[in-house]
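Novice: Mind looking over this structure? Questions follow.
Only the coordinates and a few stated rules stand behind these numbers; no lab work does. These numbers come from a predicted model, not from an experiment. FYI the Cβ positions are ideal-geometry reconstructions off the backbone, even for glycines, and counts take in every protein chain you see.
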């Protein structure tokens, strides 16, 4: 396999294009906006989404899906979750027969409450499909920092193939057959990261952060198991690993958004300050709806939903969490 296209020119899509190009693959990077693709071609730097990382000349850049997909064996889907269905609908008009699809998007669609594998199958039908997820801050990967991730597929041979394609001496890939667990871990942790940012803004310290990560993971595990995932998946890279990274990293968009909310800003005003999609915002609504659908108590998720969508004061949200009815640690 030598020909790969990346659908989505955000920070993560650009990073993976750079990584795969360095491995010697023929890589095409697709973006939805022709004007921005021209900027990328001229400066060879993704100044909006990955500033400081040079895009090699060997990477072909295009806004035409037919050009991106033509002759490619592997298609990496790196568009934000709430735009995935729309992009796939356009992609469906092209010839995708025999291609391997790898989703690297972390999120849950609002209306259908489907993870990305569900959305992809919905639109494209059954295909060779794998998920790549884990604690992967894009700029660190682009700069060659040691990083690990998980390739998940119901077809373990396919997961191993994807593992081989992406693995380098600085990007170590493990495999898993728990697709839903890997997807949920990568998606739900963004909600907890928003809470972590709010705690940072409120200067509540490390005790509060430790409590948040621990109890946040409990919520992720409970919903995941209700949806058919394996418990142990959430204690791996795509669960605890990704949760930790997103809650502490200075590059985490979700933690940043939470910090701005914790300072008293309104959600709509914070979102105007960035060109990047902050996945945890939409995922908070999806997770809140899923918790009700599966009758799983998720108090932290519920409070973040109320802060984002009902303008609840973050301090009041913390107070309400801390003064819930006393329980054993094993209870909700």
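Novice: Mind ranking 263-271, 159-167 by how tightly packed they are, going by the mean number of other C-beta atoms within 10 angstrom, highest first?
Specialist: Most protected by this proxy first, the peptides run 159-167, 263-271.
Novice: Mind ranking 232-243, 95-106 by how tightly packed they are, going by the mean number of other C-beta atoms within 10 angstrom, highest first?
Specialist: Result, highest mean first: 232-243, 95-106.
Novice: A further question follows. What angle do you read, to the nearest 10 degrees and between 0 and 90, between the alpha-carbon axis of helix 34-43 and the longest principal axis of the chain?
Specialist: Between the helix axis and the principal axis of the chain, the angle is about 80 degrees.
Novice: In percent, what relative contact order does segment 37-96 have, based on Cα pairs under 8 Å that are 6 or more apart in sequence?
Specialist: 26
Novice: Report the FRET efficiency, 1/(1 + (r/R0)^6), for residue 139 and residue 207, where r is their Cβ-Cβ distance and R0 is 22 Å, rounded to 0.05.
Specialist: The value I calculate is 0.15.
Novice: By how many nm would the segment from residue 316 to residue 95 grow when fully extended, if each residue of separation counts as 0.36 nm and the alpha-carbon distance is taken off? Can you show the working numbers first?
Specialist: On the way: separation 221, 0.36 × 221 = 79.56 nm, distance 5.24 nm.
Full extension of this stretch gives 74.3 nm more.
Novice: Another question, then. Which of rounded, prolate or oblate describes segment 104-166 when judged by the alpha-carbon gyration tensor and an a/c cut-off of 1.5?
Specialist: oblate
Novice: A follow-up question, please. Would you calculate a helix-derived [θ] at 222 nm for the chain, using -39,500 (n - 2.57) for each DSSP H run of n ≥ 4 and dividing by the full residue count, to the nearest 500?
Specialist: Mean residue ellipticity at 222 nm (helix-derived): -15000 deg cm²/dmol.
Novice: Additional query: Convert 25 °C to kelvin, take the viscosity as 0.890 mPa s, use the Kirkwood radius over C-alpha pairs of segment 3-177 as Rh, and evaluate the Stokes-Einstein diffusion coefficient in µm²/s, rounded to a whole number.
Specialist: Calculated translational D: 153 µm²/s.
Novice: Give the angle, between 0 and 90 degrees and rounded to the nearest 10, that separates the Cα long axis of helix 299-309 from the longest principal axis of the Cα atoms of the chain.
Specialist: 70
Novice: Per 10 Å bin, what is the whole-percent P(r) computed from every C-alpha pair distance within segment 181-322?
Specialist: For segment 181-322, the binned pair fractions read 13, 48, 33, 6 percent.
Novice: If you don't mind, another one. Rank these for me by crowding, 189, 111, going from fewest to most other beta carbons within 10 Å.
Specialist: Least crowded to most crowded, the residues run 111, 189.
Novice: Could you check what % of the DSSP bridge pairs in the chain are antiparallel, to the nearest 5?
Specialist: Of the beta bridges lying entirely in the chain, close to 20 percent run antiparallel.
Novice: Quick check on the exposure proxy: order 175, 14 from fewest to most C-beta atoms within 10 angstrom.
Specialist: Ascending number of Cβ neighbours within 10 Å: 175, 14.
Novice: A follow-up question, please. By how many degrees, between 0 and 90 and to the nearest 10, does the Cα long axis of helix 179-201 differ from the longest principal axis of the chain?
Specialist: Its long axis makes an angle of about 60 degrees.
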